[in-house]
Amino acid sequence: MKVYLIRHGESQDDLLNCYGGPADWDITKTGIMQAENFRKTFEQFGVDKIYSSPQKRAFKVAQILNKNLNKPIESVFELHEAAPHGYMSGCDKNLAKELFGYLLDKPEYKNASYYKRTCLPGAESPDDLDKRVKDVFSSIIDISKIFNTIAIVTHGGIITSFFNVVLHDKRHIIDIENFAYVEFDYNGKFKVDNIVGIKFENVA
């Protein structure tokens, strides 16, 4: 089975300087244009079914990509974005620094990140995220065996965890572009065929 794992396009939090995560920001006009442009590429993938995060910035992208194909789209709750910023999700980043500075100054929360296996108050822990990602991909693969090709439209945090816990690729991702995608085959195990729009940290 061929699988395409795709990140959504530009969303409102990108323009408003706000944290995303579980906050349900919509896609922007630019994001819609990006989706329309990517649709030409997507239609060549030959997908039989699309799975999507339920959040607007992903699900609307799935609908745009599917405009001419009319393939089934299934919203999967567990594909929603990670919540690395905890209580600050959805907040203006500068305002969040003012409101939550007393937390951010604590040593255990400074520079919290997925790869450091640390998180802010109210955030989904990296371990919990990895379990969610591992479980949801296992479930999607299991129910999709009747298809030749599927697509999964989701978020940067999910893709980051996917590389780590599903592909066992320990390289650190430092950037995932809008409409970055991973093409891979599944035949009992995952084999990556192509990576587009994902930048990894240089490792000596």
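All of the numbers you see were taken from the coordinates with simple rules; none came from a lab. Computed from a prediction, not measured in an experiment: that's the story for all the values here. Cβ atoms come from the backbone with ideal geometry, glycine included; neighbour counts cover every protein chain shown.
What is the P(r) of the chain, as percent of Cα-Cα pairs per 10 Å bin from 0?
Values per bin, smallest distances first: 8, 35, 36, 16, 4, 0.
List the residues whose amide H sits under 5 Å from the amide H of residue 172, counting only those 5 or more places along or on another chain, with H placed 1.01 Å from N in the peptide plane.
Amide H neighbours of residue 172: 201.
Sum up the charges of everything whose Cβ sits under 15 Å from the Cβ of residue 55, counting Lys and Arg as +1 and Asp and Glu as -1, but leave residue 55 out. Could the numbers behind the result be given before it?
Working: positive: 7, 56, 57, 60, 132; negative: 10, 13, 14, 24, 26, 74, 78, 81, 124.
Around residue 55, the surrounding residues sum to -4.
State, in angstrom, two size descriptors of the stretch 1-89 derived from its alpha carbons: Rg to one decimal place and Dmax to the nearest whole number.
Looking at the stretch 1-89, its Cα Rg and Dmax stand at 13.4, 41 Å.
Under 20 Å between alpha carbons, and skipping anything fewer than 8 positions from residue 67 in its own chain: which aspartates and glutamates qualify?
Candidates past the 8-residue exclusion: 10, 26, 36, 43, 48.
Once label points are set 7 Å from the Cα along Cα→Cβ at both residue 142 and residue 106, what is their separation, rounded to one decimal in nm?
3.7
Between residue 17 and residue 171, what length comes free when the chain is fully extended (0.36 nm per residue of separation minus the Cα-Cα distance, one decimal in nm)?
Taking 0.36 nm per residue and subtracting the Cα distance, the gain is 52.7 nm.
Shape verdict for the stretch 128-176, please, from the Cα gyration tensor: rounded (a/c under 1.5), prolate (a/b greater than b/c) or oblate.
Cα axes put the stretch 128-176 in the prolate bin.
Could you give me D for the stretch 100-194, from Stokes-Einstein at 20 °C and 1.002 mPa s, where the hydrodynamic radius is the Kirkwood radius over C-alpha pairs? Units µm² s⁻¹, please.
It diffuses with D of about 142 µm²/s by this estimate.
What does the charge count near residue 100 come to, summing +1 for each Lys or Arg and -1 for each Asp or Glu among other residues with Cβ under 11 Å from its Cβ?
Charge balance in the 11 Å sphere: +1.
Just rank 172, 8, 80, fewest to most, by other beta-carbon atoms within 10 angstrom.
Neighbour counts put them in this order, fewest first: 172, 80, 8.
Would you order 182, 165, 192, 153 from fewest to most other beta-carbon atoms within 10 Å of each residue's own beta-carbon?
The order, fewest Cβ neighbours first, is 192, 165, 182, 153.
Hey, what do the phi angles of the stretch 10-23 turn into as Karplus ³J(HN,Hα) couplings, whole Hz, using 6.51/-1.76/1.60 and θ = phi - 60°, x for Gly and Pro?
Calculated HN-Hα couplings, in order: 4, 10, 4, 5, 5, 7, 8, 6, 10, 6, x, x, x, 4 Hz.
Give the order of 16, 5 when sorted by the count of other beta carbons within 10 angstrom, beginning with the fewest.
Numbers: 16 13, 5 23.
So the residues, fewest neighbours to most, are 16, 5.
Find me the longest stretch of the chain that has none of the exposed GluC sites (Glu not before Pro), where exposed means in a DSSP loop (not H, G, I, E or B) with at most 13 other Cβ atoms within 10 Å.
Working: sites that count: 108, 201.
Longest run free of exposed loop sites: 1-107.
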